[in-house]
Amino acid sequence: VDTSNLQRQIVHGTENVGEPKVTSATERLHDINPEVKVEAHRTRFTPENALDLVSKYDLIADGSDNCTTRYLANDACFFAKKPLVSGALLRFEGQLATFRAFEAGENRPCYRCLFPSPPRPHMVPRCETAGIFGAVAGVIGTLQATEVLKELLGLGNSLSGRLMLYEGLSGSFRTLKVKRDPSCALCGDQPSIKGLEIA
């Protein structure tokens, strides 16, 4: 836990600075609800372990802060046939989508259908350099939690096939319809990605 993390989340406090995030988060969740079962994984999410980790759960919620992890989560969820609820933010903006590309239908795109390939290194600024308006993390996190619960409980309309965009400075939301890309390297008609690339 780093001091710079504290302004955009509620799971760590100043007393946790220097601790492993997984330890601090587990303690906080038990403080909130001692009966909750937490399976902590103090490891990096890598091509070597992604499928094993993803396969253990009914749904994956991704709030990672880098493109490499986002693409890996997308690909692992596709191969493991798990829904992915993905939230991302930068500065005053956020986006949210649910991906169920392992299911048939043009309204079942994967992350790569929207963003075919990762940007070149250093093209997308990281949180610590570009900044995040802390409350935007709360907005996207709360919306993401809502979508996770909807997916798990089968309630309402899934965000699959839609991308929700939030712009904090104007206080506006937009939702765009997105379709599966037939030329997608992962879930398209002739996919070139056949598995997770292990270095």
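The values are calculated or read from the model by the stated rules, or taken from the named source; none is laboratory data. Remember, it's a predicted structure, so these values are computed and weren't measured experimentally. Glycine also receives a Cβ, built like all others from the backbone with ideal geometry; neighbour counts cover every protein chain displayed. Accessible surface areas use protein heavy atoms only, side chains included; no ligands, DNA or RNA. Shrake-Rupley method; radii C 1.70, N 1.55, O 1.52, S 1.80 Å.
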Test of understanding: extend the Cα→C-beta vector of K177 to 7 Å, then name every residue of the stretch 81-119 with backbone N under 13 Å from that spot. 106-108
With label points set 7 Å from each Cα along the Cα-to-Cβ direction at Q9 and R28, the distance between them in nm comes to 0.6
For the stretch 1-48, projected area of the alpha-carbon convex hull averaged over all directions, nm²: 4.1
So how much accessible area does R108 have, in Å² to the nearest 10, using a 1.4 Å probe? 50
Can you work out the Karplus-derived ³J(HN,Hα) for every residue in the stretch 67-72? Use 6.51 cos²θ - 1.76 cosθ + 1.60 with θ = phi - 60°, whole Hz, and x for glycine or proline. 5, 4, 5, 4, 5, 5
Report the Rg/Rh value for the stretch 1-144, based on alpha-carbon coordinates and the Kirkwood definition of Rh. 0.96
List the aspartates and glutamates whose Cα sits under 13 Å from the Cα of K37, skipping any in the same chain fewer than 8 residues away. E27
Accessible-area ranking of K150, K21, largest first, probe 1.4 Å: K21, K150
Once you list every other residue whose beta carbon is under 14 Å from the beta carbon of R44, what net charge do they have if Lys and Arg are +1 and Asp and Glu are -1? -1
I want to make sure I understand the PRE zone here: with the label point 7 angstrom from the Cα of L196 toward its beta carbon, which residues in the stretch 73-98 have backbone N atoms less than 18 Å away? 73-86
Roughly how much of I10 is accessible, in Å² to the nearest 10, using a 1.4 Å probe? 150
